[in-house]
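Before any comments, here is the structure.
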Amino acid sequence: MSRNGFSWPTEQVVNAAQQGDPRAIATLVSGSHAHVRRFARTLCSTPEAAQDAAQEALIVLYRKIGTLRATAALGSWMFSIVRNECIRRSRLQLTRYSAPAMVEPSAEDATLARLEVERIVDAIAGLPPEQRAVLVLRDIQGLSGAATAQTLGLSRAAMKSRLHRGRATLRSRLATPDTVTNGSSEHA
């Protein structure tokens, strides 16, 4: 059993679901739901995106359980699905708000803006999970310090420490410009 009182479905249930047993699949999806929701709430930028990402992850679980190689890896597989879905939804959300309504940017400006958004999203996704969770809840979703600490089951001091480390790591990663040409200079 995990610290929040929910346990992942057993290896026997996962194996039966991989063999196509409808009852096992239903048990697997319902037994994974609480974990998937928790992952999504921690990783996605809005509650709506978290709900949609959790639902999408459960659909992927239902459709592709037969492709899971190691039944013991169910949790990490589901975490990856949720993480990728949250990143995809964040990118979609950022691209919706990045372009001004009145003036259409040049192709170069649009590409640069898209690359900058991708760089920020990738930098956030590259943070250690405990730092990313605090940063997303506090700085992106706008939760209060108390609400963030409570959501993650942390003391306020631990939440503040993780937030500070996450912001510092993010700041240093974003301060280092990406070298698109891998250090080589282009001469015409």
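The values are calculated or read from the model by the stated rules, or taken from the named source; none is laboratory data. Remember, it's a predicted structure, so these values are computed and weren't measured experimentally. No Cβ is skipped: glycine too gets one built from the backbone with ideal geometry, and neighbour counts run over all protein chains shown.
Candidates are the residues of the stretch 11-40 that are under 21 Å from ILE124 (Cβ atoms) and in contact (Cβ under 8 Å) with a residue 40 or more places away in the chain; the one that is farthest from the chain's Cα centre (by Cα) is VAL36. Restricting PRO177, PRO105 to residues that are surrounded by 11 or more Cβ atoms within 10 Å (Cβ to Cβ), assigned to a loop (DSSP other than H, G, I, E, B) and modelled with pLDDT under 85 narrows the list to PRO105. For ARG89, the requirement of being of a type outside the set (Gly, Ala, Ser), modelled with pLDDT of 80 or more and under 25 Å from THR10 (Cβ atoms) is not met. Residues that are over 16 Å from PHE39 (Cα atoms), small (Gly, Ala, Ser) and in a helix (DSSP H, G or I) do not occur anywhere in the stretch 129-136. Here HIS164 fulfils each of the conditions (1) buried (at least 16 other Cβ atoms within 10 Å of the Cβ); (2) at pLDDT 90 or above apart from (1). The residue list ARG114, ARG88, ARG132, ARG138 contains one member that is within 18 Å of the chain's Cα centre (by Cα) and either surrounded by fewer than 17 Cβ atoms within 10 Å (Cβ to Cβ) or of a type in the set (A, V, I, L, M) (or both), which is ARG88. Report yes if some residue within the stretch 70-86 is part of a loop (DSSP other than H, G, I, E, B), over 30 Å from ALA16 (Cα atoms) and aliphatic (A, V, I, L, M); otherwise report no. Among the residues of the stretch 70-86, not one is part of a loop (DSSP other than H, G, I, E, B), over 30 Å from ALA16 (Cα atoms) and aliphatic (A, V, I, L, M), which makes the answer no.
Of all residues being over 13 Å from the mean Cα position of the chain (by Cα) and outside any helix (DSSP H, G or I) in the stretch 41-69, which is surrounded by the fewest Cβ atoms within 10 Å (Cβ to Cβ)? Just the residue, please. Among those that are over 13 Å from the mean Cα position of the chain (by Cα) and outside any helix (DSSP H, G or I), it is ARG69.
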